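Data block below; observations after.
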Number of protein chains: 2
Amino acid sequence: MAGEKRTTSRAGRPRDPAKHEAIVHSALHTFLERGFNAATIEHIAARAGVSKVTIYNRFTDKETLFEQVVKEQTDHFAAAMMDDSISRGDLAARLDAFGCSLLHFLFASDHVALDRMLPQELAHHPQMAQRFFDAGPGQCRSRLAEMLEQARSDRQIDFEDSLQAAEDLMALWKGFADVELKFGVRQRLSDEELDAKVRHGTRIFLRAYGV
Amino acid sequence: MAGEKRTTSRAGRPRDPAKHEAIVHSALHTFLERGFNAATIEHIAARAGVSKVTIYNRFTDKETLFEQVVKEQTDHFAAAMMDDSISRGDLAARLDAFGCSLLHFLFASDHVALDRMLPQELAHHPQMAQRFFDAGPGQCRSRLAEMLEQARSDRQIDFEDSLQAAEDLMALWKGFADVELKFGVRQRLSDEELDAKVRHGTRIFLRAYGV
DNA sequence: TATTTAATGAACGTCAACGTTTAGTTTTTC
DNA sequence: GAAAAACTAAACGTTGACGTTCATTAAATA
């Protein structure tokens, strides 16, 4: 019912592992561009350079394919959040580094498209939505909160609720750009703009939370 | 091609104005729940207590109906942003009032659903997206920026860029709750939670921007 | 009353997409 | 070489939704 099946070598032609990747990749981008309903299996197959039947042999149906795509993106999201961002420099520098890597991820056009598509499509799949949130935004907030607690125990900043502080900082970093990107009012941020946003957010945050 | 037609009284049975409202209302909620593709005209008609043909007589096709719905929501959004929020009390109180009315609007379940659906459906309608952004988020930011400039000229706060400051404040107010609502991880905020969020945001903002 | 327009329900034509079947080809193991 | 499984292309059946047509009834004006 899910994805892979074979583990030990058996008789017969083995599955081409490249096809799995091609299908999921093609499906992801087609879902991103069109949403679940408007994305057709035929289009996904053609884009992946694969027969339609191959998709149905590996994934039961369109719904299952979508779930697999979301699952892999969830893992990818989780991995991106785990990417240890720098623990060098003073607090401001470490926060800037965290913010930069976060915004580079969030503002990448793939992620913007994902952020347009997922909430709508997951609206009636609460479990998948919860998993995705936990792996992505939730985990990101936790990691930032840990970093801030560390800084508090070093007496560099002060607050009562570390999760609250982390939310504030992330909100300051994102600002309005996420909304502008989501509606397509703004296309992309240059590295300079992005860095400037992060530094601004960090500065405001430290001004409010610094001891 | 659009909506209304008649203005002076003519021969024949007049259109029932209640039906227009019923159709648009039904269409709005059906689009919110299911998105453009999964929302069927038959369902919208049934929900509005109206014949399918009546919809096709008033709106050319599904696309036109959708555009009309978005247009009316855009107007509604613009009106909500214009709702003059209190100009009494000290700065913190005025900002709190602004933030409260904003969050009440943003966190209402209707708006959350709209915010899930619209970005995806407008992804390939840049003009509608721009109009909606200008009428909603854009106008909100402008009004808040004006309020902040006023406070700056009263030497209560200081900043270089009023739009930037407005973005910061709005971001602090929203925090993470918008994401949690969008993914359905959190259901709704009580009035107390909402007030607390606003006061927290305002406090952090003033701590960073106060003279 | 005659005319004109709105509205309805039911039936219809059309089309696009899902998912299946079939026959045949390729690639592997035994 | 035989058996087994993956893969493909093409055709097919089915369904669901769009949008239309038609006959009929309702509500207005002249």
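The values are calculated or read from the model by the stated rules, or taken from the named source; none is laboratory data. Given the structure is predicted, the values throughout are model-derived calculations rather than measurements. Here the Cβ is made from the backbone with ideal geometry for all residues, glycine too, and neighbour counts use every protein chain on show. SASA here: full protein model, heavy atoms, side chains in, ligands and nucleic acids out. Shrake-Rupley method; radii C 1.70, N 1.55, O 1.52, S 1.80 Å.
Go through (1) modelled with pLDDT under 95; (2) within 16 Å of DNA strand D (Cβ to nearest atom) and name the single condition residue B:81 misses. In the conditions (1) modelled with pLDDT under 95; (2) within 16 Å of DNA strand D (Cβ to nearest atom), residue B:81 misses (2) alone. Filtering B:139, B:120 for residues that are crowded, with 21+ Cβ neighbours inside 10 Å and polar (S, T, N, Q) leaves a single hit, B:120.
Within segment A:1-28, residues that are at pLDDT below 95 reach partners that are among the hydrophobic types (A, V, I, L, M, F, W, C) with beta carbons closer than 8 Å, at six or more positions or on different chains, in the pairs A:3/A:59. Within segment B:83-104, is there a residue that is touching a residue at least 60 places away in the same chain (Cβ under 8 Å), closer than 30 Å to residue B:167 by Cα and open to solvent by 80 Å² or more (accessible area, probe 1.4 Å)? Scanning segment B:83-104, I find at least one residue that is touching a residue at least 60 places away in the same chain (Cβ under 8 Å), closer than 30 Å to residue B:167 by Cα and open to solvent by 80 Å² or more (accessible area, probe 1.4 Å), so the answer is yes. Set side by side, the residues B:94, B:34 differ, and just one is away from DNA strand C (no atom under 15 Å from the Cβ) and within 14 Å of chain A (Cβ to nearest Cβ), which is B:34. Against the definition (closer than 30 Å to residue B:206 by Cβ and without any contact (Cβ under 8 Å) to a residue 24 or more places away in the chain), how does residue B:61 come out, yes or no? For residue B:61, the condition - closer than 30 Å to residue B:206 by Cβ and without any contact (Cβ under 8 Å) to a residue 24 or more places away in the chain - is not met. With respect to the stated conditions, residue B:179 is surrounded by 22 or more Cβ atoms within 10 Å (Cβ to Cβ), of a type in the set (Val, Ile, Thr) and under 25 Å from residue B:29 (Cβ atoms). Each residue in segment A:45-57 was checked for being on the phi < 0 side of the Ramachandran plot and more than 8 Å from DNA strand C (Cβ to nearest atom), and 9 of them qualify.
When residue A:72 is tested against the conditions (1) within 16 Å of DNA strand D (Cβ to nearest atom); (2) more than 14 Å from every other protein chain (Cβ to nearest Cβ), the lone failure is (1). Confirm whether residue B:46 is among the hydrophobic types (A, V, I, L, M, F, W, C) and exposed (fewer than 12 other Cβ atoms within 10 Å of the Cβ). So residue B:46 does not fit the description; no.
Residues considered: A:54, A:60, A:30, A:64. Of these, the only one that is hydroxyl-bearing (Ser, Thr, Tyr), part of a loop (DSSP other than H, G, I, E, B) and open to solvent by less than 90 Å² (accessible area, probe 1.4 Å) is A:60.
Taking the listed residues A:48, A:38, the one that is in contact (Cβ under 8 Å) with a residue 24 or more places away in the chain, outside the structural domain of residue A:118 (by TED's automatic domain parsing) and within 14 Å of DNA strand D (Cβ to nearest atom) is A:48, with no other qualifying.
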